[in-house]
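The values are calculated or read from the model by the stated rules, or taken from the named source; none is laboratory data. In this text the structure is predicted, and so the values were computed from the model without any measurement. Positions of Cβ are backbone-derived with ideal geometry, glycine not excepted, and every protein chain shown enters the neighbour counts.
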């Protein structure tokens with residue numbers, strides 16, 4: 001038996017909405033520690049990783065580990081009925097064929113309930129090794145979304161360079177080149193203020209390090225849909241490794257998107 005209640009049910013809707021255009025299907029793993037999900041896009045270029053801790057839920061029960069297979073886009077159609085200020089209840093029996101979802105409005109106690117038919121999906125081995133990256137850029141989500149959108153109007157590929165406390169975003173378009181230089185607005189040992197829309201923090205493992213990688217802007221724009229989950233976007237970069245775009249879901253967990261870099265000849 002699995003049952004979980006979340007007072008901010010709308011955040012769960014936003015999680016589903018943020019991945020529906022990236023992955024088609026996903027296995028949601030339920031354990032005594034919480035909820036986890038890993039899934040790849042159809043081209044096997046991007047990987048989505050979600051971790052929600054049981055401590056972030058108002059109540060959480062899992063008698064035995066189980067896997068809930070969903071078609072993400074279909075499930076999002078059901079989740080459209082979850083409104084801001086709704087709480088949400090998720091329930092599934094052991095070896096269930098359906099997931100029961102109940103959404104209750106905090107304002108007027110209106111209730112929406114549905115049973116979603118689960119799918120039996122093949123399990124892919126998508127284990128991602130934990131490793132320390134050479135750099136971490138923390139940037140306001142709205143600002144990074146705007147930069148990616150504006151840059152994509154010029155070209156489909158962005159080069160991201162990190163040196164000391166500076167970040168350079170650049171594109172080479174058919175009719176010209178453009179670059180955006182971003183400077184660290186916080187000291188290496190301080191947090192950035194949620195109210196600062198242009199805030200940027202650059203952390204590097206070595207002050208002499210230089211990182212230069214290219215990525216598909218189309219995927220970055222898809223990842224940025226998860227910017228609604230928190231104020232800031234974290235970009236983890238290391239030469240020869242996928243870019244990790246991370247969104248912290250306050251008090252609940254995190255969502256990470258892994259994107260393979262483009263080789264310079266592409």
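Based on this model, can you work out whether residue 263 counts as more than 9 Å from the chain's Cα centre (by Cα), under 25 Å from residue 206 (Cβ atoms) and buried (at least 19 other Cβ atoms within 10 Å of the Cβ)? If you could, list the steps in order and put the result at the bottom.
Working: more than 9 Å from the chain's Cα centre (by Cα): yes; under 25 Å from residue 206 (Cβ atoms): yes; buried (at least 19 other Cβ atoms within 10 Å of the Cβ): no.
Here the answer is no, as residue 263 does not meet what is asked.
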query = If we scan the stretch 198-206, do we find a residue that is modelled with pLDDT under 90, closer than 22 Å to residue 142 by Cβ and surrounded by fewer than 16 Cβ atoms within 10 Å (Cβ to Cβ)?
reply = yes
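Listed residues 15, 22, 11, 88; which is touching a residue at least 40 places away in the same chain (Cβ under 8 Å) and in a strand (DSSP E or B)? Walk me through how you get there before you give the answer.
Numbers: 15 fails: in a strand (DSSP E or B); 22 fails: in a strand (DSSP E or B); 11 fails: in a strand (DSSP E or B).
Criteria check complete, one pass: 88.
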query = Across the stretch 181-197, which residue is modelled with the lowest pLDDT among those that are closer than 27 Å to residue 157 by Cβ and surrounded by fewer than 18 Cβ atoms within 10 Å (Cβ to Cβ)?
reply = 197
message = Condition check: farther than 22 Å from residue 120 by Cα, surrounded by 17 or more Cβ atoms within 10 Å (Cβ to Cβ), more than 12 Å from the chain's Cα centre (by Cα) and at pLDDT 95 or above. Does residue 5 satisfy that?
response = yes
ask   = Do you know which residues across the stretch 235-260 are assigned to a strand (DSSP E or B) and more than 10 Å from the chain's Cα centre (by Cα)?
value = 235, 236, 237, 243, 253, 259
